[in-house]
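Input: a single structure, listed below in structure tokens.
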Amino acid sequence: MSQSINLVAYQANENGKLYESKTDLIETVFITPSLLSELQKASPLIKKNIFETVGSEDHYSIECFNDSEIEGAIKKLEEVFLSILASDGKKLLGQESKKDSNKLALLSSEHIASGDLDDSINRFRTLTNVINVFKLKHNQYSSDASVVLKLG
């Protein structure tokens with residue numbers, strides 16, 4: 001069963017307190033349990049309190065990725081991407097394609113089982129979507145502590 005990672009902008013006060021009263025969902029992506037487990041090895045989840053309204057002490061906690069570990073998480077995701085790329089390339093194209101790159105152009109879809117190809121495409125889509133949301137946080141919102149990558 002997949003979970004989601006959400007890039008969310010919360011309202012914040014000058015002390016960094018986050019409020020639910022005004023939120024903006026910037027991006028959401030799905031992540032598999034196995035990918036989440038690998039990601040948490042590089043960037044464990046932390047808890048942040050979200051207050052219901054300004055001035056209220058009523059709050060709940062969310063699990064999110066630590067802003068200071070986003071770069072490390074991106075590096076881990078890129079390592080996983082390269083590992084899957086190498087593994088799926090060998091599985092789908094066979095060892096021979098390594099020796100002669102011209103053979104890639106000659107391979108037709110009938111040489112690859114469609115289920116294997118579909119599985120590979122889905123893995124890449126999931127992984128590249130997760131990489132994208134982490135890079136979005138890092139590149140556009142790294143200095144904004146009110147924008148968090150939370151587990152949904």
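No value in this document is a laboratory result; all are computed from the given coordinates. Here the structure is a predicted model, which means the values were calculated and not measured. All Cβ positions, glycine included, derive from the backbone under ideal geometry; neighbour counts span all protein chains shown.
Between residue 118 and residue 84, the modelled labels are 1.7 nm apart [label points 7 Å from Cα along Cα→Cβ].
With respect to the chain, whose longest principal axis is taken over its alpha-carbon atoms, helix 70-93 is tilted by about 20°.
Please give the net charge around residue 121, taking every other residue with its beta carbon less than 15 angstrom from that of residue 121, where Lys and Arg add +1 and Asp and Glu add -1.
Numbers: positive: 91, 123, 125; negative: 88, 116, 118, 119.
Net of charged neighbours comes to -1.
For region 1-67, divide the Cα radius of gyration by the Kirkwood radius and give the resulting Rg/Rh value with two decimals. It would help to have the intermediate numbers written out before the result.
Details: Rg = 13.5 Å, Rh = 13.2 Å.
So for region 1-67, dividing Rg by the Kirkwood Rh gives 1.02.
3J(HN,Hα) along region 127-141, derived from phi through the Karplus expression 6.51 cos²θ - 1.76 cosθ + 1.60 where θ = phi - 60°, amounts to 5, 5, 5, 5, 4, 4, 5, 5, 5, 4, 4, 5, 7, 10, 10 Hz, with x in place of Gly and Pro.
Points 7 angstrom from Cα along the Cβ direction at residue 28 and residue 4: gap in nanometres? Label at residue 28, label at residue 4, 0.1 nm between them.
Here the Karplus curve 6.51 cos²θ - 1.76 cosθ + 1.60, taken at θ = phi - 60°, turns the phi angles of region 4-13 into couplings of 10, 10, 10, 9, 10, 9, 9, 6, 9, 9 Hz, with x standing for Gly and Pro. If you plug the beta carbon distance of residue 129 and residue 12 into 1/(1 + (r/R0)^6) with R0 = 35 Å, you get a FRET efficiency near 0.85. Among the listed options (1) 19.7, 67; (2) 16.7, 57; (3) 16.9, 54, the one matching Rg and Dmax of the Cα atoms in Å as calculated from these coordinates is (1).
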